[in-house]
Amino acid sequence: MKKLAFASAVFALGLAATTANAEAPAKYNMYCVGCHSTGAAGAPKTGDKAAWEARLAVGMDALIASSKKGKNAMPPMGLCADCSDDEFKAIIEFMAK
């Protein structure tokens, strides 16, 4: 019974991550595109590998944390008040490609 519960939990986490990845472009277009497409207020531009490389070097957990609390001109949660950690991760990965 415990193995089944564990397997169900692992499946649910995988499904949540897959869903977050699929929704990343839509969430990006809804909440992030305004600054990250233009570099407004120093935001790293979407697709600018050099700009994202240094940020990714600090680790995804740190990037998610700064997304949630805000950084420089970026407001807390980057305007996405209901984004989960998985969604922030997927959006960051989308922008860094």
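General observations
- The Cβ shell under 15 Å around ALA62 holds other residues with a net charge of +1, Lys and Arg each +1, Asp and Glu each -1.
- Net length available on complete extension from ALA65 to ASN29 is 10.9 nm, with 0.36 nm assigned per residue and the Cα-Cα distance removed.
- Gyration tensor (alpha-carbon) shape descriptor, the stretch 19-68, a/c threshold 1.5: oblate
Laboratory data are not the source of any read-out in this text; all were calculated from the coordinates shown. This one's a predicted model, so the numbers in the text were calculated from it and none came from an experiment. All Cβ positions, glycine included, derive from the backbone under ideal geometry; neighbour counts span all protein chains shown.
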